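Quick one: structure below, then a few questions.
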Amino acid sequence: MKEINRIGVFTSGGDSPGMNAAIRAVVRTALYKNKQVTGIYHGYQGMMDGDFIPMESRSVSNIIQLGGTILKTARCLPFRTVEGRAQAYKNLVEAGIDGLVAIGGDGTFTGAEIFSREYDIPVVCIPGTIDNDLYGTDYTLGYDTATNTVIEAIDKIRDTAASHDRLFFIEVMGRDSGCIALNAGIAGGAEAILLPEKATAIDDLIQHLSKGARQQKSSSIVIVAEGDHNGGAYNVAKRVKEKFSHYDAKVSILGHLQRGGSPSSFDRVLASRMGYAAVNQLIAGNTRIMIGMRGNEICTTPLEEAINNKEYKLSEDMLEIAEVLSL
Ligand code: F6P
């Protein structure tokens, strides 16, 4: 086992609240263990461009509460090429970086897995995405904050929906994952929730809303995950209106505001635990693993499994609760 002297840390893919808290934990744990740290800007793009910065304890002062990522982030197509990765490796060697901590989602992990095998460089990953769609952890960084942001929006929309007796379709993020939609939908008391993982026929939705109307519901909120099979909130609203013309229907797309904001206490603590664990795993000689948390215990999962295991993350119980409590 080769001793690691300088750890490179970077964020990649969609940002998420808690990434800064994780960077802080990585830097401070590494320094505590007498390792040096280099920050890599803009994820894999910065690795290819040699966009590096040495990090000290003061480099991460006053960032635990900040959303976004001080190291910036990018989605980098050139890193998918052999030439791109060769350039990145050359830059890492020149900078003396001999171990990596990557913070991001499944795209980030896929890059890390390939790169680490190709060049035998140790990599430990931290799941940072609001989507909560990675296997091997109950929660990803930013998911809790994003869900709370969505709930705040639902609550506000409910005030005006109730005042005007309106039907609202609120679109939330989640191209492939319905975690935010389901959890925020339950917490916000949604009348219906449409998810990418489970197709809902428009006729069934209309029947459900009609049942609510017969039970004297004068306003309703439908949460639509962006990856829902019906093509997003505008399409759903249009098709419902065709058959349900008496309802005054409105659409609200929450969009990227869900990705920003100060991380919740939960995300800050999770990021601190994961950053600390990532450095310790790297120093212990482990590689190609993801740090996760299951049942409040920090754990590790092989990267390959974290990426490829598509075990259904939405529990049947939660789907049932959403349905039973909705009308
Ligand atoms: O961060 C995850 C995610 O928010 C997805 O739910 C969404 O589809 C995607 O990122 C959008 O990312 P971008 O705005 O970077 O294209």
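How big is the accessible area of ILE321 in square angstrom, nearest 10, if you roll a 1.4 angstrom probe over the protein chains?
Number for this one is 70 Å².
Can you give me the C-alpha center-to-center distance between the stretch 41-74 and the stretch 229-247, rounded to a whole angstrom?
After rounding, the separation between the Cα centres reads 43 Å.
Can you tell me which of CYS76, CYS179, CYS125 moves the most in a GNM of the chain? Springs connect C-alpha atoms under 10 Å apart.
With Cα springs under 10 Å in the chain, the top fluctuation among CYS76, CYS179, CYS125 is at CYS76.
In square angstrom, what is the accessible area per residue of the stretch 144-259 with a 1.4 angstrom probe? Please list the in-between numbers first.
Values: 5280 Å² over 116 residues.
The answer is 46 Å² per residue.
Sticking with this structure for a sec: Return the whole-Å distance between the Cα centroid of the stretch 184-227 and the Cα centroid of the stretch 249-315.
Each part's Cα centre sits 29 Å from the other's.
Between TYR32 and LYS198, what is 0.36 nm times their sequence separation minus the Cα-Cα distance? Round to one decimal in nm. Working shown, then result.
On the way: separation 166, 0.36 × 166 = 59.76 nm, distance 4.66 nm.
Once the chain is fully extended between TYR32 and LYS198, it gains 55.1 nm.
Based on the mean of other Cβ atoms within 10 Å per residue, sort peptides 100-110, 182-192, 288-298 so the most packed one is first. If you can, show how the numbers build up before the last one.
Numbers: 100-110: 25.6, 182-192: 22.1, 288-298: 17.5.
By packing density, highest mean first, the sequence is 100-110, 182-192, 288-298.
Further, regarding this structure: Taking LYS241 as the anchor, which lysines have their alpha carbon closer than 28 Å to its alpha carbon, excluding any fewer than eight residues away along the same chain?
Answer for LYS241, where 28 Å is the Cα cut-off: LYS156, LYS198, LYS211, LYS217, LYS250, listed by chain and number.
If I model a spin label as a point 7 Å beyond the Cα along the Cα-Cβ vector, how far apart are those points for ASP155 and ASN280 in nm?
Going by the 7 Å Cα→Cβ label model, 3.6 nm.
Quick one: net charge around SER218, please, counting Lys, Arg +1 and Asp, Glu -1 for every other residue with C-beta under 11 Å from its C-beta. Intermediate results must be reported in sequence, preceding the final value.
On the way: positive: ARG166, LYS217; negative: ASP165, ASP248.
After counting each charged neighbour, the total is 0.
Carbon and sulfur atoms: what percent of the 1.4 Å accessible area of the stretch 144-259 do they account for?
On the way: 2370 of 5280 Å².
Answer for the stretch 144-259 is 45 percent, counting heavy atoms of protein chains only.
Starting from the Cα of LYS90, draw a straight line to each of the lysines and keep only those under 22 Å, dropping any in the same chain fewer than 8 residues away.
LYS2, LYS35, LYS72
What size of dipole, in debye to the nearest 20, comes out for the chain about its Cα centre when the only charges are +1 on Lys and Arg C-beta atoms and -1 on Asp and Glu C-beta atoms?
On the way: 33 positive and 39 negative charges, 130 e Å.
Charge dipole of the chain: 620 debye, to the nearest 20.
Is there a quick way to get the dipole size of the stretch 144-259? I mean about its Cα centre, with the Cβ of Lys and Arg at +1 and of Asp and Glu at -1; what is the value in debye to the nearest 20? All intermediate terms of the calculation are to be shown ahead of the outcome.
Working: 14 positive and 15 negative charges, 68 e Å.
The dipole magnitude comes to about 320 debye.
Which far-off residues, 5 or more places away or on another chain, put their amide H under 5 Å from the one on ASP228, with H placed in the peptide plane?
Those qualifying (amide H under 5 Å, at least 5 residues apart or on another chain) number zero.
Tabulate in residue order the Karplus-calculated ³J(HN,Hα) for the stretch 234-243, using 6.51 cos²θ - 1.76 cosθ + 1.60 with θ = phi - 60°, rounded to whole Hz; enter x for Gly and Pro.
So the J values, rounded to whole Hz, are 4, 5, 4, 4, 4, 5, 5, 4, 4, 9.
Let me ask something additional. Expressed in whole Å with the largest first, what are the equivalent ellipsoid semi-axes of the chain derived from the C-alpha gyration tensor as the square root of 5 times each eigenvalue? Can you show the working numbers first?
Working: eigenvalues 351, 65, 56 Å².
The three semi-axes for the chain are 42, 18, 17 Å.
For TYR234, TYR89, give the ranking by accessible area with the largest first, probe 1.4 Å.
On the way: TYR234 150, TYR89 70 Å².
The ranking, largest first, comes out as TYR234, TYR89.
When only Cα pairs under 8 Å and 6 or more residues apart are kept, what is the percent relative contact order across the chain?
On the way: 726 pairs, mean separation 77.3, N = 327.
Rounded, it is 24 percent for the chain.
Between GLU316 and ARG6, what length comes free when the chain is fully extended (0.36 nm per residue of separation minus the Cα-Cα distance, one decimal in nm)? Don't jump to the answer; show the numbers that get you there.
On the way: separation 310, 0.36 × 310 = 111.60 nm, distance 4.50 nm.
Here the segment from GLU316 to ARG6 would lengthen by 107.1 nm.
Right, next: Using the charge dipole of the chain (Lys, Arg: +1 at Cβ; Asp, Glu: -1 at Cβ; taken about the Cα centre), state which of THR300, LEU77, THR38 has its Cα farthest towards the positive end.
Farthest towards the positive pole: THR38.
A further question on this structure: Per residue of the chain, what 222 nm ellipticity follows from adding -39500 (n - 2.57) for every DSSP H run with n ≥ 4, rounded to the nearest 500? Present the calculation step by step, with values, prior to reporting the outcome.
Values: 11 runs with 137 residues, N = 327.
For the chain, the value works out to -13000 deg cm²/dmol.
Let me ask you something else. Hey, if we sort THR29, THR160 by accessible area with the 1.4 Å probe, largest down, what's the order?
On the way: THR29 15, THR160 55 Å².
The most accessible residue leads, giving THR160, THR29.
The values are calculated or read from the model by the stated rules, or taken from the named source; none is laboratory data. Everything numeric here is computed off the predicted structure, so don't read it as measured data. Positions of Cβ are backbone-derived with ideal geometry, glycine not excepted, and every protein chain shown enters the neighbour counts. Protein only, heavy atoms only, side chains kept; ligands, DNA and RNA dropped before computing areas. Shrake-Rupley method; radii C 1.70, N 1.55, O 1.52, S 1.80 Å.
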